[in-house]
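To start, the structure itself, in structure tokens.
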Amino acid sequence: MDLDYFSYLKEKNGSERIFTSIFNQTEIKLIMWTKYKFEVDKILTSKAGNTKFWINKLDQTWQIVTKSVSDEKDSESVQFVDSLSEDLEWDHYVADKHTSILILPALPDRSIIVRPKHTLKVLPKTSFDFFIKIPVWIQLYSSANKPENLIMEFPSVKMSSTWFGEPDNGLLAYSLMDDIIHKIDLKSVLNFEALCPVKIRNESTTVLNFDRLAIEAELLTLYKGDNILCTSEVLLKHKGDDQSSEVQIGAGNPKLDENLKQINSPRILPSKNLIKKSFYIIKSIAQY
Amino acid sequence: MLEQLKQYVEEPTLLKIRNIILIIVFGYALLQLVMLVVRRLFWKNLKQQSRMILSKTILYTGFSIIILLILKELNVKVGAILGAAGVVGVIIGFASQTSIGNIISGLFIISEKSYEIGDLIRVGDKMGVVYSIDLLSLKLKTLDNLLIRIPNQTLISTEVTNITRFPIRRMDIDIGVAYKEDLGKVINVLKKLATENPNCLDEPEPLILIKNYGDSSINILYGLWFEKSNYVTLRNSIMQEILNAFREEGIEIPFPHISLYTGEATKPFPVEFNSNSK
């Protein structure tokens with residue numbers, strides 16, 4: 001079922017439960033993001049995005065393997081198996097003697113560069129709302145969500161690297177090839193993807209050519225609802241091509257679902273207002 | 001024991017020795033304490049280059065003060081020594097113009113900040129990581145772990161390329177394809193390889209330039225942008241991938257060859273058998 005975010009904002013005053021009711025109609029289950037207790041001689045196996053992973057516990061050592069698989073991006077529920085059909089090269093992590101592992105989603109460790117399929121022109125004094133789907137990283141904690149308990153983390157989907165800015169001064173980031181979403185179709189949001197609500201406000205007197213956008217994923221908080229992962233809201237105020245954009249990260253739960261709870265904190269704590277050059281109008285870079 | 005010593009040495013001399021020992025011990029300890037405090041407070045935010053300059057400045061200043069205090073304790077007139085040092089300095093200066101030139105060049109190099117400790121640079125035909133920038137010379141650690149000393153005066157008048165100054169770089173690969181090949185297809189294959197290689201950046205976009213018509217091939221420049229630390233991984237992977245992709249697509253990378261014609265390209269080269277030849 002679809003819902004225009006714009007319509008949602010309009011209707012929000014009348015009913016704030018619109019999203020909740022929509023989420024409940026879907027069959028998506030976020031079964032992966034929880035704690036799993038290990039039994040003797042059992043191996044945990046699962047898949048998120050195009051990464052398969054296996055976890056085994058031997059006394060004080062966690063044995064973990066991650067493997068990129070090229071087939072379609074999807075997720076498999078967590079299973080415990082007795083043995084494996086394939087030989088794996090395990091990585092060994094010495095930790096405490098806890099026998100439970102916590103699997104949590106996290107946002108990527110670098111900024112995300114969003115490239116809409118078509119350059120959008122946002123007229124002066126106009127706002128524009130949309131969503132982007134960010135493939136999450138998977139963090140494995142021994143027993144509890146504490147920084148010192150983090151065993152390892154890995155991306156569910158390997159994103160290609162890109163550069164944002166000029167070759168001598170810019171930002172190394174991940175490239176998000178998916179288009180921006182104007183309407184939420186929950187069936188298209190997989191459980192290793194986090195929805196990031198973005199609002200762009202063109203406060204300048206000229207048309208904003210929106211062809212690249214840097215979202216600083218390290219500054220966003222990750223929330224989990226009954227059936228969805230989403231991030232803090234991002235508000236970008238564009239004040240002109242020659243000026244830096246003002247970025248505001250929404251504090252508190254996004255107003256998408258009242259059941260949202262914080263599941264992971266930002267990698268870097270954001271300051272209230274971030275002045276960043278968030279838009280990038282393609283400039284011809286001397287290539288030869 | 002002190003009484004026994006007093007038989008041989010006068011008391012004022014003993015006091016001086018004691019004071020000098022105290023100056024050395026406490027001076028050195030104080031210097032170490034200052035270094036410790038500076039390291040705790042500022043080290044984290046400083047680059048390796050700045051750390052080296054700061055620590056050397058503190059140490060040289062500290063040791064100079066200790067030496068001056070010792071001289072004072074020995075009742076040596078510091079002013080006279082400095083005056084003499086000035087005269088001696090002029091003499092030494094004339095005698096060692098190269099060294100002074102190196103020192104001044106070193107100061108310019110440090111202030112110019114064209115490269116810092118840890119940067120990979122190329123000087124002439126030598127390439128290596130900047131190991132240290134000293135008063136007289138720059139020490140370069142080559143990639144095969146040799147240490148090269150280059151005088152600062154040489155450096156200031158030589159072209160120096162800093163390879164790792166910026167976070168991203170472009171790797172240029174020259175590729176030659178046979179004249180019979182469809183260049184559109186070749187370009188598409190190269191674009192696909194750049195997109196699929198994880199070490200190659202999506203943006204700036206790869207440069208694919210048809211450079212010229214060579215003797216044996218059409219030459220293409222293939223420039224890929226990458227994060228500077230991924231040079232070896234990208235080079236090794238992309239070279240293999242180009243070869244494999246060209247093999248799969250049937251694109252020929254020709255070896256140098258010469259075609260001989262007898263005036264007209266359409267006629268075969270005439271071969272004549274001479275029955276008289278032995």
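Which order do you get for A:Y174, A:Y93 if you rank them by accessible area with a 1.4 Å probe, largest at the top?
Heavy-atom accessible area, descending, gives A:Y93, A:Y174.
To the nearest 100 Å², how much accessible surface do chains B and A cover up together, summed over both, with a 1.4 Å probe?
1400 Å²
From the residues B:P254, B:N274, B:L69, which one has its Cα farthest along the dipole of the protein assembly as shown in the positive direction, the dipole being from +1 and -1 charges on Cβ of Lys/Arg and Asp/Glu about the Cα centre?
So the residue furthest toward the plus end is B:L69.
Enter the mean projected area of the convex hull around the alpha-carbon atoms of the stretch B:168-249, in nm², rounded to one decimal.
5.1 nm²
I'd like the orientation of helix B:183-196 relative to chain B: the angle between its Cα long axis and the longest Cα principal axis, in ° from 0 to 90, rounded to 10.
Taking the Cα atoms of chain B, the angle to B:183-196 is about 40 degrees.
What does the helix-only formula give at 222 nm for chain B: each DSSP H stretch with n ≥ 4 adding -39500 (n - 2.57), the total divided by the residues, and the result rounded to the nearest 500 deg cm²/dmol?
-16500 deg cm²/dmol
Which distance in Å, rounded to a whole number, links the C-alpha centroids of the stretch A:137-158 and the stretch A:229-254?
Rounded to whole Å, the Cα centres lie 27 Å apart.
Using a 1.4 Å probe on the protein heavy atoms, what percent of the accessible area of the protein assembly as shown belongs to carbon and sulfur?
55 percent
Relative to the longest principal axis of the C-alpha atoms of chain B, give the angle of the C-alpha long axis of helix B:231-249, reported between 0 and 90° and rounded to the nearest 10°.
Orientation of helix B:231-249: about 0 degrees from the principal axis.
For the protein assembly as shown, with only Lys/Arg (+1) and Asp/Glu (-1) charged at the beta-carbon, what is the dipole magnitude about the Cα centre, in debye rounded to 20?
Here the size comes out at about 1920 debye.
Evaluated at 37 °C with a viscosity of 0.692 mPa s, what Stokes-Einstein diffusion coefficient in µm²/s does the protein assembly as shown have when Rh comes from the Kirkwood expression over alpha-carbon pairs?
108 µm²/s
Where nothing but the Cβ of Lys and Arg (+1) and of Asp and Glu (-1) is charged, how large is the charge dipole of chain B around its Cα centre, in debye to the nearest 20?
Using only the charged Cβ atoms, the result is roughly 1280 debye.
How about the stretch B:225-246: which of its residues lose at least 20 Å² of accessible area in the presence of all protein chains relative to their chain isolated, using a 1.4 Å probe?
B:W225, B:E227
Can you give the accessible area of B:V87 in Å² (nearest 10), computed on protein heavy atoms with a 1.4 Å probe?
Number for this one is 90 Å².
Using alpha carbon centroids, what distance separates the stretch B:79-93 and the stretch A:49-103, in Å?
When both Cα centres are located, 74 Å separates them.
Farthest toward the dipole's positive end in the stretch A:132-207, which of A:Q139, A:M159, A:A173, given Cβ charges of +1 (Lys, Arg) and -1 (Asp, Glu) about the Cα centre?
Positive-most Cα among the choices belongs to A:Q139.
Net charge near B:S229: determine it from the other residues with C-beta under 15 Å of the C-beta of B:S229, scoring Lys and Arg +1 and Asp and Glu -1.
Local net charge: +4.
For the protein assembly as shown, report the accessible area per residue in Å² (1.4 Å probe, heavy atoms, rounded to an integer).
Normalised by residue count, the accessible surface of the protein assembly as shown is 58 Å².
State the Cα centre-to-centre distance between the stretch B:201-278 and the stretch B:169-198 in whole Å.
That distance is 11 Å.
Can you give the net charge of the other residues whose Cβ lies under 9 Å from the Cβ of A:I200, counting K and R as +1 and D and E as -1?
Neighbourhood net charge equals +2.
Per the Kirkwood definition applied to all pairs of different Cα atoms, how many angstroms is the hydrodynamic radius of the stretch B:105-205?
It is 16.4 Å.
Ordering A:D179, B:D202 by how much accessible area each has at a 1.4 Å probe, largest first, what is the list?
A:D179, B:D202
List the residues, sorted by chain then number, that are 5 or more residues from A:L256 or on another chain and whose placed amide H is less than 5 Å from its amide H.
Close amide H contacts, sequence-distant or interchain: none at all.
How big is Rg to Rh over chain B, alpha-carbon atoms, Rh as the Kirkwood inverse-mean-distance radius?
Radius of gyration relative to Kirkwood radius: 1.29.
Evaluate the charge dipole of the stretch B:71-208 about its Cα centre and quote only its size in Debye, nearest 20, assuming +1 on the Cβ of each Lys and Arg and -1 on the Cβ of each Asp and Glu.
So the dipole magnitude of the stretch B:71-208 works out to roughly 460 debye.
The values are calculated or read from the model by the stated rules, or taken from the named source; none is laboratory data. None of these values were measured; they are calculated from a predicted model. Counting neighbours? That spans all protein chains shown, and the Cβs are built from the backbone with ideal geometry, glycine included. Just the protein is used for accessible areas: all its heavy atoms, side chains included, with ligands, DNA and RNA removed. Shrake-Rupley method; radii C 1.70, N 1.55, O 1.52, S 1.80 Å.
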